[in-house]
Amino acid sequence: MGKIRVAVIGNGIIGEEHIINYKAINDCEITAICDINQERLDYIGDKYDIKKRFTHIGKMLLEDDIDAVDICLHNNLHAPVTNAVLNSGRHAYCEKPMAGSYADALSMFETAKISGKKLHIQLAMLYVDAAKAAKTMIDKGHLGKIYHMRSCGFRRRGRPFIDGYATKEFVNSHTARGGALFDMGVYRISQLLYLAGLPKLERVVGKVYQEVEADAKRKLESGFDVEELGTGYAVYENNISLDVIESWAIHMGGVGRSMIAGDKGGLMFDPLSYHTLTEDMQVDQTIDLGAMNYRNHTVRSENSMYDSSQIHWINALLGRCELIPTDKIALETSLLQEGIFLSSSLGRELTAGEVKSLTKSTAIDVPNIEL
């Protein structure tokens, strides 16, 4: 194959970051961009020399020089747009989280299977050096049997728009569905589930909160009604448990470090460290990620195909490597997130089956898809 021809839908802050990333990859080219904001569309098109510009998704999908489409829209727009892209015969790359609800994420997963096209979800923390080192150690048996994981994410006061950055669409349920768990928790939860081999969820309990004082004007303007703190506890098959805390805002100096515990050893993240017993002595080791990264680009240069989500995506489309099943990883992450939300609203623990039976679409109608 020649270069992968990519179109980008949504040209805001994240969309522009994706365009910059694609421009740095020799094996792809951006052939079209799409946004409902004509001024922003022309600004991005002029800045990055992209000639084909559309305000209508359906019309863009009629073009014959597009192999894959990158969707950089808000959460409740992901499912309808991604499904339209897949059904048009294009591969789809979608921003995290997969969708606003498990029901919508499942529709995307199933549409990809039926269409025969690849679906890739932006789960950036699968490609960081710490994740690569952790996966190698787990695959080589250094942790033994994994039995508990902890997902920790902390911002002292970093709510989008409310605390002074980003847009209001991040903090209302109409466009985003969720807050801290959807915006940032998805990264850490998906990373841990991936490293643990994607175990099957059995049951979950959780609680979400919005308690820290917020600017009244910004709260009213944005319709801020999503969680700034999400907590949960889940049990997976093979007696594996996972506890979650993800904060956009909390009166704390920190909430700890993510971790994976096994019967032979354990890993802690940020920074990555390994803990075990040797001859009945407690051993704590740091890992030289810089040296690992160097060897991954010299001795094991094929690992460069995993340098980032988009680099991996393009290499997979070119047939150079197997695509990490981010659609399945993101789907299972969505199931846990949905479980925490439903548990919080119902006030009880739920089985995975109950979560699947109670989930409902939160997708927003997108009028500029149909011709």
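Listed by position, the strands (runs of 3 or more DSSP E) enclosed by the range 248-349 that each have at least 2 residues that are farther than 18 Å from Lys135 by Cβ are 273-278, 281-286.
Criterion applied to Leu106, Leu73, Leu126 was being surrounded by fewer than 21 Cβ atoms within 10 Å (Cβ to Cβ) and either aliphatic (A, V, I, L, M) or touching a residue at least 12 places away in the same chain (Cβ under 8 Å) (or both), and the one residue passing it is Leu106.
Name the residues in the range 242-273 that are open to solvent by less than 20 Å² (accessible area, probe 1.4 Å) and farther than 23 Å from Gly158 by Cα, would you? Across the range 242-273, the qualifying residues are Leu242, Ile260, Ala261, Gly262, Gly265, Gly266, Leu267, Leu272, Ser273. Of the helices (runs of 4 or more DSSP H) lying entirely inside the range 129-229, those containing at least 2 residues that are open to solvent by 20 Å² or more (accessible area, probe 1.4 Å) and β-branched (Val, Ile, Thr) are 129-139.
Sub-8 Å Cβ pairs linking a first residue in the range 334-353 that is over 14 Å from Lys200 (Cβ atoms) and without any contact (Cβ under 8 Å) to a residue 24 or more places away in the chain to a second residue that is surrounded by 14 or more Cβ atoms within 10 Å (Cβ to Cβ) and not aliphatic (A, V, I, L, M), at least 6 apart or interchain, are Leu342/Glu354; Leu342/Thr359, ordered by first then second residue. The residue pairs whose first member lies in the range 259-271 and is free of Cβ contacts under 8 Å to residues at least 60 places away in the same chain and under 21 Å from Gly290 (Cα atoms), whose second member is of a type in the set (A, V, I, L, M) and outside any loop (DSSP other than H, G, I, E, B), and whose beta carbons are closer than 7 Å, counting only pairs six or more residues apart or on different chains, are Met268/Met259.
The values are calculated or read from the model by the stated rules, or taken from the named source; none is laboratory data. These figures come from a predicted structure and were not determined experimentally. Here the Cβ is made from the backbone with ideal geometry for all residues, glycine too, and neighbour counts use every protein chain on show. In case anyone asks, the SASA skips ligands and DNA or RNA and just uses the protein heavy atoms, side chains included. Shrake-Rupley method; radii C 1.70, N 1.55, O 1.52, S 1.80 Å.
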